[in-house]
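Working notes, structure below.
The values are calculated or read from the model by the stated rules, or taken from the named source; none is laboratory data. Here the structure is a predicted model, which is why all the values come from computation and not from measurement. Because the Cβ atoms are built from the backbone with ideal geometry, glycine has one as well, and the counts that use them run over all protein chains shown. SASA here: full protein model, heavy atoms, side chains in, ligands and nucleic acids out. Shrake-Rupley method; radii C 1.70, N 1.55, O 1.52, S 1.80 Å.
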Amino acid sequence: QASPPARSFELDYEENCFRKDGAPFRYISGSIHYARVPRPAWRDRLRKMYMSGLSAVQVYIPWNYHEPLPGVYDFAGDRDVEAFLDLTAELGLLVILRPGPYICAEWEMGGLPAWLLWKPDIVLRSSDPAYLAAVDSWLHVLLPKIKPRLYQHGGNIISVQVENEYGSYYACDYEYLRHLLGSFRALLGSEVLLFTTDGTRAWELRCGTLQGLYATVDFGPGSNVTEAFGAQRRVEPKGPLVNSEYYTGWLDYWGEAHASTSSAQVARGLEDMLQLGASVNMQVVSWYMFHGGTNFAYWSGADFKDQYKPVTTSYDYDAPLSEVGDPTEKLFAIRTVISKFQPLPVGPMPPATPKYAYGWVGLRKYADLLDVLDVLCPSGPIQSQFPLSFEAIKQAHGFVLYRTQLPRDVLHPATLGAPPHSVCDRGYVTLQQEYRGTLERDGQTTLHVTGRAGDTLDVLLENMGRISFGANISDFKGLLGSLSLDSSPLSNWLIYPLAIDPAIQHGWPHTALPKSSSRGRAGPAFYTGTFETPGITWDTFVKFPGWSKGQLWINGFNLGRYWPCRGPQQTLFVPSSVLHVGSNNITVLELEGAPAAPFLLFLDRPLFNRTLSHGT
């Protein structure tokens with residue numbers, strides 16, 4: 001008996017195509033980020049991608065999602081990437097894997113762990129020995145999980161990207177790329193197809209490509225397809241034309257209009273590319289994003305474009321599948337184009353998930369944050385002459401409280417100020433437990449205060465997400481310089497790293513006795529409430545009428561940041577898998593000021609505003 005032919009996926013430089021098991025092969029793929037989708041929804045989203053006519057999915061692996069501390073790994077629950085990859089195989093989808101170590105993706109620090117910054121002078125994404133040692137340790141844990149799932153070994157992973165848009169990074173360190181190539185080859189074998197992705201500008205392709213890695217490009221619907229692929233041809237004269245990120249939409253930043261891209265424009269761009277592929281040579285396209293999902297908890301990243309620009313909690317991306325996984329007009333337009341070039345799977349598109357408007361839910365103030373420091377920082381504060389960054393006290397995300405005392409009587413308003421770029425990213429200022437205002441990175445950096453010698457000054461610092469793209473990804477958080485009073489630096493600080501999420505995950509404050517609080521509604525405080533689901537748990541959206549800015553947890557799950565007065569996002573998505581049949585616990589950390597009647601409104605659809613205030 002003849003043995004079955006070996007499985008293979010490789011480049012054909014003569015015919016300018018991919019070959020799968022020896023036959024010419026073209027794929028149409030779409031990006032989905034498992035870290036932005038609750039595990040119970042994975043199957044629904046992947047099934048809809050398959051029924052759209054996609055033959056493959058693109059998958060990023062965020063390093064910091066799986067290695068929260070050096071040598072501590074988490075691949076359980078929502079982080080079970082092996083289960084996600086196995087599900088793609090079960091549903092008949094191939095995988096283009098993008099394991100980084102840097103991924104961008106508008107994800108916190110581009111997927112790099114914040115603990116790398118414990119060494120303040122580390123040069124990220126370079127051949128810095130400290131960085132390479134951390135990368136090698138991670139790859140030795142991750143890539144052995146990937147190898148048995150490669151197409152050559154009976155799996156469904158057809159190609160693996162090395163780094164990500166490295167040509168856009170200032171370092172241009174070929175020794176780093178060569179090191180990664182050696183590590184990927186050593187751990188994955190010589191047969192797997194390894195590639196890079198970069199923009200189409202000459203300098204991006206010069207610094208982002210390396211012999212031994214197949215160079216691909218990314219561009220969106222507004223680009224000239226022939227010119228864009230001409231850029232790829234300048235570095236890869238032969239082989240398939242590949243757009244690794246064809247943008248279906250764009251991301252939202254807090255304080256800017258909700259991004260949208262027309263279905264007609266996206267569909268027309270796809271048709272242009274596929275026609276080029278059909279008539280000239282085999283060409284492939286990958287949608288970014290096909291399904292965006294949600295930046296739960298603290299995972300949203302930020303950009304720096306003349307100023308710090310944090311990304312919203314929603315990562316809807318105006319994608320063909322909405323944030324909550326519903327097929328959109330754009331999806332059906334894309335599906336129609338795909339059907340002209342290849343047969344679609346037989347059967348109906350799975351429907352939108354059911355939604356429920358649970359209505360108004362009243363909350364009550366539980367306590368001011370300053371009154372529960374014993375719970376949130378049980379080990380007590382760190383003493384320091386001057387403020388220390390989050391990284392210096394080994395706090396990755398969330399909040400740190402900085403406390404000092406006024407050194408003298410301030411009978412006439414004095415300027416409390418921060419040096420430029422030293423408030424990273426927002427500081428909520430309280431004097432004698434009275435909220436005085438907010439300091440903001442690239443925004444307001446001074447307040448006027450009065451008080452007496454010895455009065456307690458508290459500044460709650462919020463990390464809004466580390467920069468995920470460009471030269472600024474060493475994005476230290478906290479108070480990075482001393483506050484001053486009329487230009488005189490304040491010293492002798494107590495620094496409280498706050499462990500809010502572990503407390504809430506263990507049932508606090510719902511299991512604790514209520515605190516009596518005579519103070520008003522201004523400043524950082526916790527609010528609690530409960531609501532009943534009437535025998536069903538369906539997806540829902542929370543609106544925050546009259547609230548300012550903060551964080552929401554339901555049943556201990558951190559649903560992310562709300563900021564309706566800054567916009568454009570007005571609601572937070574609550575997946576059905578977070579809810580319980582019966583009673584559900586709500587915890588809100590409001591940072592600036594709650595409404596007189598603290599209610600939340602549960603709706604059956606999301607809301608974005610398009611006219612925005614750039615104030616608070």
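Taken over the range 524-548, the criterion of being out of contact with any helix residue (DSSP H, G or I) (no Cβ under 7 Å at 6 or more places or on another chain), more than 18 Å from A597 (Cβ to Cβ) and part of a loop (DSSP other than H, G, I, E, B) is satisfied by P534, G535, I536. Residue count for the range 548-578, restricted to those that are among the hydrophobic types (A, V, I, L, M, F, W, C) and open to solvent by 10 Å² or more (accessible area, probe 1.4 Å): 3. The single condition among (1) assigned to a helix (DSSP H, G or I); (2) hydrophobic (A, V, I, L, M, F, W, C); (3) open to solvent by 10 Å² or more (accessible area, probe 1.4 Å) that A259 does not meet is (1).
Per-residue answers, yes or no, for (1) closer than 23 Å to K20 by Cα; (2) among the small types (G, A, S); (3) open to solvent by 10 Å² or more (accessible area, probe 1.4 Å):
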position	(1), (2), (3)
P99	yes, no, no
E106	no, no, yes
L139	no, no, no
L143	yes, no, no
I146	yes, no, no
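Only a single criterion out of (1) modelled with pLDDT of 95 or more; (2) of a type in the set (G, A, S); (3) under 26 Å from K119 (Cβ atoms) is not satisfied by S482, namely (1).
Scanning the range 460-478 for residues that are hydrophobic (A, V, I, L, M, F, W, C) and closer than 15 Å to P120 by Cβ, we see that the one that is most open to solvent (accessible area, probe 1.4 Å) is F476.
Are any of the residues in the range 184-191 modelled with pLDDT of 95 or more, among the acidic types (D, E), open to solvent by less than 20 Å² (accessible area, probe 1.4 Å) and not in a helix (DSSP H, G or I)? No, the conditions are met nowhere in the range 184-191.
Which pairs do you get when a residue that is assigned by the TED database to the domain that holds Q265 and at pLDDT below 90, found in the range 232-253, comes within reach of a residue that is assigned to a loop (DSSP other than H, G, I, E, B) and of a type in the set (F, W, Y), reach meaning Cβ atoms under 6 angstrom, with the pair 6+ apart or on two chains? Qualifying pairs under 6 Å: G249/Y317.
Here the range 434-451 is the region considered, the condition is being at pLDDT 95 or above and farther than 18 Å from P489 by Cβ, and the residue that is most open to solvent (accessible area, probe 1.4 Å) is E434. Looking across the range 13-30, the residues that are more than 17 Å from S244 (Cβ to Cβ) and either part of a strand (DSSP E or B) or in contact (Cβ under 8 Å) with a residue 40 or more places away in the chain (or both) come down to Y13, E14, E15, R19, K20, A23, P24.
Checked against (1) free of Cβ contacts under 8 Å to residues at least 40 places away in the same chain; (2) open to solvent by less than 50 Å² (accessible area, probe 1.4 Å); (3) in a loop (DSSP other than H, G, I, E, B), P420 passes all but condition (2).
Could you tell me whether any residue of the range 382-396 is of a type in the set (K, R) and open to solvent by 50 Å² or more (accessible area, probe 1.4 Å)? Within the range 382-396, one or more residues are of a type in the set (K, R) and open to solvent by 50 Å² or more (accessible area, probe 1.4 Å). Put simply, of L150, L112 the only residue that is farther than 24 Å from S8 by Cβ and not basic (K, R) is L112.
Counting only residues that are in a strand (DSSP E or B) and more than 19 Å from F469 (Cβ to Cβ), the range 205-242 holds 4 of them. Taking the condition closer than 24 Å to A499 by Cβ and surrounded by fewer than 16 Cβ atoms within 10 Å (Cβ to Cβ), does T456 pass? When the stated conditions are applied, T456 passes them.
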